[in-house]
Amino acid sequence: MHPDPIPFYYRMTSGIRITVRPSYLGDRSNPMLGQFVFAYHIRIENVGEQASQLRTRRWLIHDESVGDTVVEGEGVVGEQPHLLPGQVHEYRSFCVLKAPLGWMEGAYRFVRDDGSSFEAIIPRFTLAAEPRADTVS
């Protein structure tokens with residue numbers, strides 16, 4: 001029997017393709033204390049024809065226990081990657097929820113070399129401590 005595949009989510013906006021693979025970190029979680037730890041792997045690929053630099057991020061994090069939180073900041077994990085056409089930037093991060101179920105979505109603001117800017121949408125992805133039929137993509 002094969003294990004269930006890890007779900008992934010993707011979205012393309014203005015020549016930037018964003019792919020997200022979330023996972024539950026049961027060994028780092030403590031459900032009795034309301035601590036559910038989730039990791040997510042992000043792949044950002046410039047499939048367009050213009051170079052672009054990621055400047056800022058905005059996340060909407062939904063926790064079934066406490067509602068929504070907005071997180072904004074510069075770059076991603078301390079970097080503001082400049083992506084030429086065909087280049088890829090990948091990183092991992094995590095979040096801690098008080099509930100075993102939630103979701104995240106957001107956007108990255110990019111600036112092209114010509115000075116124009118745009119938002120690349122980060123698709124909504126499910127954070128679930130237990131596998132659920134509606135999380136398989």
*Among (1) surrounded by 15 or more Cβ atoms within 10 Å (Cβ to Cβ); (2) within 19 Å of ALA129 (Cβ to Cβ) - the single one GLN35 does not satisfy*: (1)
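Look at region 83-121 and say how many of its residues are in a loop (DSSP other than H, G, I, E, B), under 30 Å from GLU64 (Cβ atoms) and either within 14 Å of the chain's Cα centre (by Cα) or of a type in the set (D, E, K, R) (or both).
Let us first name the residues in region 83-121 that are in a loop (DSSP other than H, G, I, E, B), namely 84-87, 98-100, 113-116.
Now drop any that are not under 30 Å from GLU64 (Cβ atoms), which leaves 98-100.
Still in the list and also either within 14 Å of the chain's Cα centre (by Cα) or of a type in the set (D, E, K, R) (or both): 98.
So the answer is 1.
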_Residue identified as surrounded by 12 or more Cβ atoms within 10 Å (Cβ to Cβ), among the aliphatic types (A, V, I, L, M) and under 15 Å from GLY102 (Cα atoms) among VAL47, VAL66, VAL70_ = VAL66
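Readers should treat all values here as calculations from the given coordinates under stated rules, not as data from a laboratory. Computed from a prediction, not measured in an experiment: that's the story for all the values here. In this analysis, Cβ positions are derived from the backbone assuming ideal geometry, glycine residues included, and neighbour counts consider all displayed protein chains.
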